[in-house]
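The values are calculated or read from the model by the stated rules, or taken from the named source; none is laboratory data. If you're wondering where the values come from, they're calculated on a predicted model, not measured in any experiment. As a convention, Cβ positions derive from the backbone with ideal geometry for all residues, glycine included, and neighbour counts pool all protein chains shown. Please note that ligands, DNA and RNA were not included when accessible areas were found on the heavy atoms of the full protein model with its side chains. Shrake-Rupley method; radii C 1.70, N 1.55, O 1.52, S 1.80 Å.
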Amino acid sequence: MALDHPATTPAQKPVAVPANPRFSSGPCAKPPVFSLDKLSDAALGRSHRAAVGKAKLKAAIEETRAILGVPAEYRIGIVPASDTGAVEMAMWSLLGARPCTMIAWESFGAGWVTDAVKQLKLDATVMTAEYGRIVDLATVDFDTDVVFTWNGTTSGVRVPNGDAIPADRAGLTICDATSAAFAQDLPWDKLDVTTFSWQKVMGGEAAHGMLILSPRAVERLESYTPAWPMPKIFRLTKGGKLIEGIFVGETINTPSMLAVEDYLVALDWGKSIGGLPALMARADANAQAIFEFCDARDWIANLAEDPATRSNTSVCLKFTDPRIADGAGFAKAVAKRLEAEGVALDIGAYRDAPAGLRIWCGATVETADIEAMLPWLDWAFHTEIAAQADAA
């Protein structure tokens, strides 16, 4: 059932406001139970190589495994430079052993294409789709190494499932899952490398990435030496063997123990509410509230064209009213009005994406806050339409 919001006019502001107006797509809202005193057990001023530091880092890895259901034979490592660092570490370490296919349907995927083609200078097959669409995975040759984004943070489209990825593939699948992990059911048997950052669905602090390797990926690492120089910060092997310490909490470089503690708090919250099924359900409810809002109006629509590919975390919207002359200017004006009222912060579309809005719906966001914000979106739209008419 669509949300029953009363009609608004420029003179009618809603009364209710979100308790938390933070709908940024990263860093995202903190878990609802967050408070600074929950970080009081952080190993501040202690070496990350001391027993207490290594124990906390290992706990972060094992709690991640438990909540996400990562198979026991997969390695999980904490690496530098957020999701970007994790993806590039995988690409620099693994690509080049066999032909590769680069798939992009949003700006970050396009960045991985640039890395492969212009930086690593690989003769890659490049497959792209416009914002709001995804590449048909049934047409992809998975006997090549395939690099792709599971959920397009800047386009609001996601891979609906892993059915198109064959179990007997010869190549590796390298998946940027940063806005999917903890909110979508990732098929681990179809993914050889999976990356994400703490700052998305779990609302952690920035700068730390997660790298999850299948046994097939480990085998490649131990049997293949890339032709290009490897920066120290990317090196996952030594003497042809995996550096196992990375995957038990002995990080390549110094992590923030305050950020580690913050991630542990978020993981504990996720576990306390019911783990992955509950986290997914929260994101689904948040996104569904926006989907129903759009279905009930003829001036706004989901950027994702196929409902099966609509993201439940990074929901991207476009204005469709024919009275809008300057789409980019209009969207920015609406976002500015909502920020000025303190009801929706940081919801403008990504700079490379089509004009519109981007509303984060990950698990740390409360559905009640989404529902309180939507009447304000109605108000801001009508107010800006009236202002545009007055200026004409």
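Details
- Quotient of Cα Rg and 2.2 N^0.38 Å for the stretch 331-384, N being how many residues it contains: 1.10
- Partners for residue 238 among aspartates and glutamates (Cα-Cα distance below 12 Å; same-chain residues under 8 apart left out): 222
- Accessible surface for residue 219 stands near 120 Å², nearest 10, in the context of the full protein assembly shown (1.4 Å probe).
- 5 Å-binned pair-distance histogram of the stretch 81-154 (Cα, whole percent): 3, 16, 30, 26, 18, 6, 0
- Considering only 80, 47, 102, and ranking their Cα positions along the charge dipole of the stretch 40-112 that arises from unit charges at the beta-carbon of Lys, Arg, Asp and Glu, the one farthest toward the positive end is 47.
- Shape of the stretch 1-133, Cα gyration tensor, a/c cut at 1.5: oblate
- Alpha-carbon Rg/Rh ratio, for the chain, with Rh computed the Kirkwood way: 0.99
- For residue 100, residues with placed amide H under 5 Å, excluding near neighbours: 125, 145
- At least 24 Å along the helix axis (C-alpha) and Kyte average at least -1.0, DSSP helices within the chain: 51-68, 275-295, 367-391
- The accessible surface of the chain, taken with every protein chain in place and a 1.4 Å probe, is 52 percent carbon and sulfur.
- Top of 204, 109, 53 by mean-square fluctuation, Gaussian network on the chain, Cα under 10 Å: 53
- Overall, the chain carries a charge dipole of about 1220 debye about its Cα centre when +1 sits on the Cβ of Lys and Arg and -1 on the Cβ of Asp and Glu, all other atoms neutral.
- Take the chain with all the other protein chains still there, run a 1.4 Å probe, and you get 41 Å² of accessible area per residue.
- Residue 164 sits among other residues whose Cβ lies under 14 Å from its own Cβ, and their net charge, with Lys and Arg +1 and Asp and Glu -1, is -3.
- Highest-first packing order for the peptide set 339-349, 122-132 is 339-349, 122-132, based on the mean count of other beta carbon atoms within 10 Å.
- Over 22 Å between alpha carbons, listed pairs 54/200; 56/200; 200/241; 121/241; 30/232: 54/200; 200/241; 121/241; 30/232
- The per residue volume of the convex hull around the alpha-carbon atoms of the stretch 241-331 is 210 Å³.
- Descending semi-axes in whole angstrom, ellipsoid equivalent of the stretch 123-210, from the Cα gyration tensor: 22, 15, 12
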